[in-house]
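Take a look at the structure below.
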Amino acid sequence: MKPMVIWLTGLSSAGKTTIANNLASELRLDKINPVVLDGDIMRNVLQAQGFDEMARKSYNYIIGRLAAALEAEGHLVIVALIAPYREVRDEIRKMCKQFCEVYVSTDLETCIQRDPKGLYQQALAGKIEDFTGITAPYEAPMNPEIRLNTSLLSKAECTQILIDYIKKYE
């Protein structure tokens, strides 16, 4: 398997982590052991603080540098991260040799309905500042390699689309 970075970006509750974990599970069945960098988990590991623009950009760059370093060491890296700023994603793309931007383009209304943590309701009530898609911007990718709308596609369909993409680079 050729090293690469599969970068899933989209709103909170769009399905990034679900897709990333399912993709990793399917790849492991084929004896491929990807590295998964999930935004929530990595935020805890790195003890990242703050959600304002500068804190988010800094955190996203750290994850991007880590993903690029892992790719350079021969790993297939799956990143599941809101990564709301197009400029940052474009800079991270330049750090990587093989970068696949996956826009999990699920609409805001679906994300609000799915929200397992109730974060959207808190943001809409003014209890959370700088919440992406509500009080903070999300800049959708202009030309992602892949676009997945999880309100239209199943987890299995999304995973197969990504597997087919990865296999093109074997």
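Under 5 Å from the amide H of residue 36 lie the amide H atoms of 78, each residue being 5 or more positions distant or on a separate chain, with H modelled from the backbone and absent for Pro and chain starts. For residue 151, the residues whose amide H sits under 5 Å from its own are 107, ignoring neighbours fewer than 5 places away on the same chain, with H placed 1.01 Å from N. Rg and Dmax, both from the Cα atoms of the chain and both in Å, are 15.3, 48. Annotation: the antiparallel percentage among DSSP beta bridges lying fully within the stretch 4-167 is about 0.
For residue 97, the lysines whose Cα comes closer than 17 Å to its Cα, not counting residues fewer than 8 places off in the same chain, are 2, 167, 168. With the helix formula -39500 (n - 2.57) applied to DSSP H stretches of n ≥ 4, the chain reaches a computed 222 nm mean residue ellipticity of -13500 deg cm²/dmol.
Once you have a ≥ b ≥ c as the square roots of the Cα gyration tensor eigenvalues for the stretch 101-170, tell me rounded if a/c is under 1.5, and otherwise prolate or oblate according to whether a/b is larger than b/c. Intermediate results must be reported in sequence, preceding the final value.
Details: a/c = 3.34, a/b = 2.05, b/c = 1.63.
Prolate shape, in that a/c is at least 1.5 and a/b is the bigger ratio.
Since every read-out is calculated from the coordinates, none of them should be taken as a lab result. Just so it is clear, the structure is predicted and the values come from calculations on it, not from any experiment.
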